[in-house]
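Novice: First the structure, then my questions, so here it is.
The values are calculated or read from the model by the stated rules, or taken from the named source; none is laboratory data. Just so it is clear, the structure is predicted and the values come from calculations on it, not from any experiment. Heads up, the Cβs are rebuilt from the backbone with ideal geometry, glycines too, and the neighbour counts pull from every protein chain shown. The accessibility values were calculated without ligands, DNA or RNA, using every heavy atom of the protein model including side chains. Shrake-Rupley method; radii C 1.70, N 1.55, O 1.52, S 1.80 Å.
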Amino acid sequence: MTIRDVYIVDAVRTPIGRFGGALSSVRPDDLAGHVVKALVDRTPALDPARVDDVFFGDANGAGEDNRNVARMAVLLAGLPVSVPGVTVNRLCGSGLEAVIQAARAIAVGDASVVLAGGVESMSRAPWVLQKPERAFPAGHQQLHSTTLGWRMTNPEMPAEWTVALGEGAELVADKHAITRERQDAFALASHRKAAEAWEKGLYDGEVVPYEGVSLARDECIRDSTSMEALAKLKPSFRPTGTVTAGNASPLNDGAAALLLVDEEGLRECGREPLARIRASAVTGVEPQLFGLGPVEAVRRALARADRSFADLITFELNEAFAAQALGCLAEWPELDPAVVNPRGGAIAIGHPLGASGARLAGSVAHQLAAAGSGTGLAALCIGVGQGLALVLER
């Protein structure tokens, strides 16, 4: 079998909205449909009927994003009904998993033109009620929030595996002796880099605002924050802990999508690609140390691409928590930290679970196109103990 080259022609995303903020009135399937339509509209030479499949990541899927949000996005975007869609779930890595699965379909010849992306509305994630074990229970029933984290946990799971995500970040901070001050400094840098990127117009080519919503840029960026302001925040998970709302990613709403093609699809699009996909890898770790999941995944992906840390000109590492990101960096001593998240990270931009991986991949592709050549990498930690990485080049 001949393995085909896979190209990223374009990538778009919405501005990322804060929890209960500007995008909270928009259904997740509408967010997904919006980026799909915007992506297709930006390549007028491509017949939408040529799209072989649509892969979309979605971490929760318990509300308006039920019933296969990828297929809903196809229909809401006005694509031909002949275009199929599939929704994938690797929790925080779902959007990147969608890109990887789409690339794999093209590489083995199952498809020529594929859309891939992700979506999440954490604002609109519903409460769910389990069915009672018998009819007409007399007592009160419990609602479970589907916004984030463990719920309806299997009692067979060891307790140390099912700690809160923030407690997992504290464990990484313990493991690598990462102080509160270092975490706050990392968070401050994320906000400053994101604000500067927006001021310079670096996101203008990929962000497509949602019509009817007054949100022109990512809603959680705090231009005026400072070390003093961050230091005043109380620990969120331990009374004397180091993880706070200021050095962790917020809860968010948003969507992102990429157009992937083979050589034939590239000719039909009539556009120069942003980047080419080289390799990917996924690995597992102890669930409570999920924050270190990218460590081995990144190493494996680089090895498969026959590249090293020294080859990277940009590295989009999802900032679920400052402690988590700093823990990963501590285990990559050969990596130049200056190439990591040059346009800000999730602490400032936001982390809409199922969309984040697609946002990272799209950002790397746009940065490589701006640079003209080079190698880039996108990676995320994933709840329940996984890591996912993708290598791109131009």
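Novice: What are the residues whose amide H is under 5 Å from the amide H of Arg90, where those residues sit 5 or more places off or on another chain and H is modelled from the backbone?
Specialist: Residues meeting the amide H criterion: Asp58.
Novice: Taking just the alpha carbons, could you work out the radius of gyration and Dmax for region 268-311, both in angstroms?
Specialist: 14.7, 47
Novice: Now for a different question. Give, as a single signed number, the net charge of other residues whose beta carbon lies under 14 Å from the beta carbon of Glu167, with Lys and Arg counted +1 and Asp and Glu -1.
Specialist: Within the 14 Å Cβ shell, the charges total -2.
Novice: Based on the alpha-carbon gyration tensor of region 329-386 and its eigenvalue square roots a ≥ b ≥ c, which shape applies: rounded if a/c is under 1.5, prolate if not and a/b is larger than b/c, or oblate?
Specialist: Values: a/c = 1.82, a/b = 1.19, b/c = 1.53.
Oblate, since a/c reaches 1.5 and b/c is not below a/b.
Novice: Once you wrap a convex hull around the alpha carbon atoms of region 122-230, what is its projected area averaged over all directions, in nm²?
Specialist: Values: hull surface 49.6 nm².
Its Cα hull, projected and averaged over all orientations, spans 12.4 nm².
Novice: Using only the Cα atoms of region 258-375, what semi-axes does the equivalent ellipsoid have when each is the square root of 5 times a gyration tensor eigenvalue? Give whole Å, largest first. Walk me through the numbers before you get to the answer.
Specialist: On the way: eigenvalues 132, 52, 43 Å².
Equivalent ellipsoid semi-axes, largest first: 26, 16, 15 Å.
Novice: Which whole-Hz couplings ³J(HN,Hα) result when phi for each residue of region 6-16 is put into the Karplus expression 6.51 cos²θ - 1.76 cosθ + 1.60, θ = phi - 60°, listed in order with x for Gly and Pro?
Specialist: Each residue's phi maps through the Karplus curve to give 10, 10, 9, 7, 7, 8, 9, 7, 7, x, 8 Hz.
Novice: Sorted by packing (mean other beta-carbon atoms within 10 Å per residue), highest first, where do 91-98, 27-34 land?
Specialist: Per-residue Cβ counts within 10 Å, averaged per peptide and sorted highest first, yield 91-98, 27-34.
Novice: While we're here: Restrict the search to region 219-309; then list the trypsin sites (Lys or Arg not before Pro) that DSSP places in a loop and that have at most 15 other Cβ atoms within 10 Å of their Cβ.
Specialist: Lys232
Novice: How much area per residue is accessible in the chain when the probe is 1.4 Å and only protein heavy atoms are counted (Å²)?
Specialist: Value returned for the chain: 41 Å² of accessible area per residue.
Novice: Grab the other residues whose beta carbon is less than 15 angstrom from that of Ala248, score K and R as +1, D and E as -1, and report the net.
Specialist: Charge balance in the 15 Å sphere: +2.
Novice: Here is a follow-up. Measure off, as a whole percent, the carbon and sulfur share of the 1.4 Å-probe accessible area of region 256-394, all protein chains present.
Specialist: The value for region 256-394 is 48 percent carbon and sulfur by accessible area.
Novice: Then there is this: Summing Lys, Arg as +1 and Asp, Glu as -1, what charge do residues with Cβ under 13 Å from the Cβ of Ala369 carry, Ala369 excluded?
Specialist: Value of the local net charge: -1.
Novice: If the convex hull of the alpha-carbon atoms of the chain is projected onto planes in all directions, what is the mean projected area in square nanometres?
Specialist: The Cα convex hull of the chain, projected and averaged over all directions, gives 20.6 nm².
Novice: In a GNM of the chain with a 10 Å cut-off on Cα contacts, which of Leu23, Leu317, Leu202 has the highest mean-square fluctuation?
Specialist: Comparing Leu23, Leu317, Leu202 in the GNM, the peak value goes to Leu202.
Novice: Let me ask you something else. Quick one: accessible surface of Val163, probe radius 1.4 Å, all protein chains present, in square angstrom to the nearest 10.
Specialist: About 40 Å², ignoring ligands and nucleic acids.
Novice: For region 1-102, what is the Kirkwood hydrodynamic radius in Å, using each pair of distinct C-alpha atoms?
Specialist: It works out to 14.5 Å.
Novice: Only helical DSSP H runs with n ≥ 4 go in: add -39500 (n - 2.57) per run for the chain, normalise by residue count and round the 222 nm mean residue ellipticity to 500 deg cm²/dmol.
Specialist: Roughly -9500 deg cm²/dmol at 222 nm, from the helical runs in the chain.
Novice: Percent antiparallel among DSSP beta bridges with both residues in region 10-147, to the nearest 5? Mind dumping the intermediate values first?
Specialist: Values: 3 of 12 bridges.
If I count the DSSP bridges inside region 10-147, around 25 percent turn out antiparallel.
Novice: So, one more: Measuring from the lowest to the highest alpha carbon on each principal axis, how far does region 157-314 reach, largest first, in angstroms?
Specialist: Dimensions of region 157-314 along the principal axes of its Cα atoms: 58, 40, 34 Å.
Novice: Same structure again: Collect residues whose amide H, placed 1.01 Å from N in the peptide plane, falls under 5 Å from the amide H of Ala275; neighbours closer than 5 in sequence don't count.
Specialist: Ile8
Novice: Pick from Ala70, Ala125, Ala135: which is most flexible by mean-square fluctuation in a GNM of the chain where alpha carbon atoms under 10 Å apart are linked?
Specialist: Looking only at Ala70, Ala125, Ala135, the largest GNM fluctuation is found for Ala135.
Novice: Among the DSSP beta bridges whose two residues both lie in region 305-394, what percent are antiparallel, rounded to the nearest 5?
Specialist: Given both bridge residues lie in region 305-394, the antiparallel proportion sits at roughly 55 percent.
Novice: Moving on. Please list the non-local residues whose amide H lies under 5 Å from the amide H of Asn341, H modeled 1.01 Å from N, same-chain partners needing a gap of 5 or more.
Specialist: For Asn341, whose amide H was placed from the backbone, the distant partners under 5 Å are Phe315, Glu316, Leu317.
Novice: Please figure out what share of the DSSP beta bridges in the chain is antiparallel and state it in percent, rounded to the nearest 5.
Specialist: Given both bridge residues lie in the chain, the antiparallel proportion sits at roughly 70 percent.
Novice: Shifting gears a bit: How much of the accessible area of region 5-78, in percent, comes from carbon and sulfur atoms when a 1.4 Å probe is used?
Specialist: 47
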